[in-house]
Amino acid sequence: MHPRITRYYNARLDYDFVATRQASTSRVVVGKVTNLSKSQFQVIETEIATPASVSEGNEDKDYFIVRDGVRYAGTHLIIDVYGADHLDELEHVESALRKAVDAAGATLLHIHLHHFTPNGGISGVAVLAESHISIHTWPECGYAALDVFMCGEANPHATIEILREAFAPERIAVEEHMRGRGV
């Protein structure tokens with residue numbers, strides 16, 4: 001069985017990348033791609049991120065990750081969605097966060113959302129055992145800012161497609177940061 005590969009665009013670095021989680025090894029494979037056509041692409045660089053506790057065979061999980069020999073606390077995605085829909089619908093936002101948590105393989109501890117008036121914006125957070133997903137929406141502009149920060153075996157990149165489906169943005173920008181490098 002082949003793992004599902006999902007294609008994303010990294011606006012800050014101006015390249016597409018793919019990400020997939022290999023369930024058998026708990027590794028996340030991330031690769032830079034080049035276009036062959038609109039529907040085809042080729043991976044031209046590949047990185048493999050493995051939770052440190054898995055890669056070291058450590059019984060006491062510390063939930064740190066090792067990628068290219070660098071140990072870090074977690075992957076933090078800064079996601080901006082533009083021209084998006086449903087940003088003032090509290091139930092829709094909550095459902096999208098729950099689906100994103102499930103897609104990432106994370107553990108939901110609590111969701112708290114606040115609906116502002118009169119513009120209908122929503123701010124909130126899904127608190128995870130692996131960290132958090134936060135959202136702040138400006139429905140009057142069709143804009144939302146999200147943070148997806150996860151450590152351990154969770155796959156934060158899997159949340160991108162869920163958010164794209166939930167909010168149908170005209171454009172989505174993603175920046176990735178490796179938090180706690182070298183700890």
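The values are calculated or read from the model by the stated rules, or taken from the named source; none is laboratory data. Predicted model only: the values in this text are computed from it and were never measured. Note that each Cβ is placed from the backbone with ideal geometry, even for glycine, and that neighbours are counted across all protein chains shown.
Observations
- Any hit, the stretch 86-98, residues being of a type in the set (V, I, T), more than 13 Å from F167 (Cβ to Cβ), part of a helix (DSSP H, G or I) and modelled with pLDDT of 95 or more: no
- A residue that is part of a strand (DSSP E or B) and surrounded by fewer than 18 Cβ atoms within 10 Å (Cβ to Cβ) can be found somewhere in the stretch 117-124.
- Taking the listed residues V33, V29, the one that is at pLDDT below 55, surrounded by 15 or more Cβ atoms within 10 Å (Cβ to Cβ), part of a strand (DSSP E or B) and over 17 Å from the mean Cα position of the chain (by Cα) is V33, with no other qualifying.
- From G105, G142, G83, G121, residue being free of Cβ contacts under 8 Å to residues at least 40 places away in the same chain and of a type outside the set (V, I, T): G121
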